[in-house]
1. Can you work out the PRE-style zone for residue 421? Point 7 Å along Cα to Cβ, and I want the residues of the stretch 368-406 with backbone N under 17 Å.
2. If you only keep lysine pairs separated by 8 or more in sequence, or across chains, how many in the stretch 200-301 come under 19 Å at the Cα atoms?
3. Amide H neighbours of residue 339 under 5 Å, counting only residues 5+ apart in sequence or on other chains, H built in-plane at 1.01 Å?
4. Explain nothing, just compute: Karplus ³J(HN,Hα) = 6.51 cos²θ - 1.76 cosθ + 1.60, θ = phi - 60°, for every residue of the stretch 45-62 in order, whole Hz, x for Gly and Pro.
5. What dipole magnitude, in Debye to the nearest 20, does the chain give about its Cα centre under +1 on Lys/Arg Cβ and -1 on Asp/Glu Cβ?
6. Each residue of the stretch 291-308 in turn: what ³J(HN,Hα) in whole Hz from Karplus with 6.51, -1.76, 1.60 and θ = phi - 60°, glycine and Pro shown as x?
7. Please work out the FRET efficiency for the pair residue 104 and residue 9, using the Cβ-Cβ distance as r and a Förster radius of 25 Å; give the result to the nearest 0.05.
8. How large are Rg and Dmax for the stretch 9-71 when only the alpha carbon atoms are used, in Å?
Amino acid sequence: MVNWQAKAQEQQEEYINDLITMMKIPSVRDDAQATDEFPLGPEPATALKVFLEMAQQDGFKVKNIDNVVGYAQWGEGDETLAILAHVDVMPAGNGWDTDPFNPVIKDGNFYGRGASDDKGPGMAAYYAMKTLKDMGVVPNKTVRFIVGTDEESNWTGMKRYFEVEPAPTYGFSPDASFPLINGEKGNFSLKVDFKGANDGRVKLVSFDSGLRPNMVPRDAEAVIEGGELTQLMQALDEYLAQTSVTGKVIQDGEQFTISFVGKAAHGMEPKNGDNAGTYLANFLKHQDIHGDAGDFLEFVGSYLHVDSRLKNFELDYTDELMGELTMNVGLMNFKAEDGGQIDLNFRYPQGITPNDIQVGINKVTDKLHAFTYQLEGMLPHYVSTDDPLVVSLMASYREITGDVDALPEVVGGGTYGRMMERGVAFGALFPHTPDTMHQVNEFQPVDDLITAMAIYMDGINRLITD
């Protein structure tokens, strides 16, 4: 019997070197730099190119599809096992203790953007496949390691793959947590638009918070006009003393810039963060700002603030199998006269629909003279615990970790696994490790990554030699 943990340990130095190479590429989707050649901007395409060059040098057949998705192929067969990872990352944001794109190992932890989501786990799964090939294992089916370049936004690359390539028989995405994710909630965003008129002693000039819909905002900033510095600073000090966020106010002539700093987190569980935007709106709604601007602040600061389960909208809902309906307030923007826009990202279980949710939200927005519309989303996804894919991968996790009581889980996150009827998410975050995806100081313990590699070796080997 092969000692997969020892095999993975043998790959550590080479794996870390290649991972550092990948993580130094700031592969954030950038539509402002999009071209016909690089539809998602140059950096995601660079990360894809570098990975495919690695895979080609390692002896795999590779293909780059339109600079948005690609794959490394091993073996042949009527069935296809797909391993779906992504090389794009979230924006780094502010507040890092290290350079997010100059990864370092400190106290046994690998720090940098992508360490946990998804370059660290993705490269661990790739190295598992590479090691099996180098060992002389002959797969009884085609194995494709498919790499997307905008998983953190619209999935343009992976959607393109499924348009032009045959659908895999089954597979997994190393882009979540162990032991195994066999169910993912539905996911969609709702836009809320406000007009921009001000009516009150104080005017809201601008409001800005958030980097992505699926990320709890760490930072928020607003500019107001017509206030009084002493009163404003006193009110701010009193407010901050009762909260977990920090803030400051700076005067520039008749205008005051108020900044809040909270805690970023993955949008699938907003409770793990402190939303700087909703806290700032909650503070500003007491500052004699009215009209459309006041309605915007009332909606964000009263109805959305600290309400990820939508109790303020009488929409709190839980499904026995898939869990709770959740909401992340990811983007909040307002400019005087132009108006405001809010992006609400929902993770919903079976039993409730996006239309149900929109109707509930509209009961509030209609009173505040706002308009809502839905963006494209994804339906809930579930693979039976009896499916041979789930059974095999769970056996690998239990074998390597010794956690014989581990069970598959349903989560609010969305992974490429859901693009396959028989697709799951498998690692690489362990139950004992903090989840820092989409946060500052993102990290993954080196030992965890090596153990994940061992689990992937065992899991892939089971699936291709059965």
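1. 379-390
2. Details: 203/248; 203/285; 248/263; 248/285; 263/271.
Close lysine pairs under the 19 Å cut-off: 5.
3. Residues meeting the criterion, in which the H sits 1.01 Å from N, are 196.
4. Each residue of the stretch 45-62 in turn: 5, 5, 4, 4, 4, 5, 4, 5, 5, 4, 5, 5, 5, 7, x, 8, 6, 10 Hz.
5. 340
6. In residue order, the calculated couplings are x, 4, 4, x, 5, 4, 5, 5, 5, 6, x, 10, 6, 8, 5, 6, 9, 5 Hz.
7. Working: r = 21 Å, r/R0 = 0.84.
E between residue 104 and residue 9, to the nearest 0.05, is 0.75.
8. In order Rg, Dmax, the Cα atoms of the stretch 9-71 give 13.1, 42 Å.
Every read-out reported here was derived from the displayed coordinates using simple, explicitly stated rules and does not represent laboratory data. Predicted model, so just to flag it, every value in this text is computed and none were measured. Note: ideal-geometry Cβ built from the backbone for every residue, glycine included; neighbour counts use all protein chains shown.
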